[in-house]
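A short write-up of the structure that comes next.
The values are calculated or read from the model by the stated rules, or taken from the named source; none is laboratory data. In this text, all values refer to a predicted model and were calculated from it rather than measured experimentally. Positions of Cβ are generated from backbone atoms using ideal geometry, with glycine treated the same way; all protein chains shown enter the neighbour counts. Surface accessibility is based on the protein's heavy atoms, side chains included, excluding ligands, DNA and RNA. Shrake-Rupley method; radii C 1.70, N 1.55, O 1.52, S 1.80 Å.
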Amino acid sequence: MSTDGQPHILAIGGGTFVPDGREGLEPSPLLRYAFDLTGQDRPRVCFMTTAMGDGAEYIARFYTAFASMDAEVSHLALFPMPNVADVRAHLLTQDLIYVGGGSVANLLALWRLHGLDEIMREAWHEGVVLSGQSAGALCWHVGGNTDSFGPQLRPLTGGLGFLPFSCGVHYDSDPQRRPLLQQLVGEGTLPGGYAADESVALHYVGTEFVQAVSYRREAGAYRVEPDGPGTAKEHRLEPRLLAAL
């Protein structure tokens, strides 16, 4: 639980982990920021790889990546069945839940089937910090755009809606992301919201956006809002620069 008693969400556009040169991953300053939000010296962290089908190799890579952080790390898998006896009890005892990327559409469908939509909302209200990258960032919002259905991006409107905004991820690395999000906001398919470049995270307290953070000076975050019939406007938000780990 976060020691300040506030409900935190850290939605990461990309870059939670960086390649370590040995076919592995190492934490970026964004993960340290998520850990710090808990206020715990050695937080209990549960990661979820639902969006990648809970593959054993993927789970192993996450454990290796988290190993350099001072934390009590566990994971929750849903394939082929939950790996913990009581999913709700396990998640409510965590300080931080981190959700990996992949198919956000599949993630949302499976979470709802297992009742995780309501469990996550309860955990959030209880002060468990919710975080994640890409699919693990989009899921907390009303929606965004996704490659869950193929390489051509499509609208996603069925997010959990904890945050009453649209969300854009990988905003500077995928050329489809920016124009499609602006189109969807402009036409009213999605509400106005926020977007994040690679290496940028969006920090919300409750349902209020409080700041963006990044470890890359040139990276940005953006507020995307309707601007007349069928159009949208975008305002750059300068992230607070994080120190290297």
How large is ³J(HN,Hα), in whole Hz, for each residue of segment 80-93 in order, when computed from phi with the Karplus curve 6.51 cos²θ - 1.76 cosθ + 1.60 and θ = phi - 60°, using x for Gly and Pro? x, 7, x, 8, 10, 5, 10, 4, 4, 4, 5, 5, 6, 9
Select from segment 165-245 those trypsin sites (Lys or Arg not before Pro) which occupy a DSSP coil region and have at most 15 other Cβ atoms within 10 Å, ordered by residue number. ARG217
Counting sequence-distant residues (5 or more places) and residues on other chains, those with an amide H built under 5 Å from that of PHE17 are SER28
Quickly estimate the mean residue ellipticity at 222 nm for the chain, helices only: each DSSP H run with n ≥ 4 gives -39500 (n - 2.57), and the total goes over all residues, rounded to 500. -7000 deg cm²/dmol
Could you look at segment 117-223 and say what percent of its accessible area is carbon and sulfur, using a 1.4 Å probe and all protein chains? 47 percent
Of all the stretches in the chain, which is the longest one without any exposed loop site, taking GluC sites (Glu not before Pro) in a DSSP loop (any state but H, G, I, E, B) with at most 12 other Cβ atoms within 10 Å? 24-217
Quote the accessible area belonging to THR93 in square angstrom, nearest 10, computed with a 1.4 Å probe and with ligands, DNA and RNA left uncounted. 70 Å²
Segment 120-192, relative contact order in percent, only Cα pairs under 8 angstrom and at least six apart counted: 28 percent
Here the gain from full extension of ASN83 to ARG217, 0.36 nm per residue of separation minus their alpha-carbon distance, amounts to 44.2 nm
The chain - accessible surface per residue (Å², probe 1.4 Å): 42 Å²
Between segment 25-59 and segment 188-245, how many Å separate their Cα centres? 22 Å
Sequence of MET81, MET1, MET69, MET52 from largest to smallest accessible area, 1.4 Å probe: MET81, MET52, MET1, MET69
Among PHE79, PHE47, PHE35, which one shows the biggest mean-square fluctuation in a GNM of the chain, springs joining Cα atoms closer than 10 Å? PHE79
For segment 164-170, take each phi angle, set θ = phi - 60°, evaluate the Karplus expression 6.51 cos²θ - 1.76 cosθ + 1.60, and give the result in whole Hz per residue in order, putting x for glycine and proline. x, 10, 7, 9, x, 10, 6
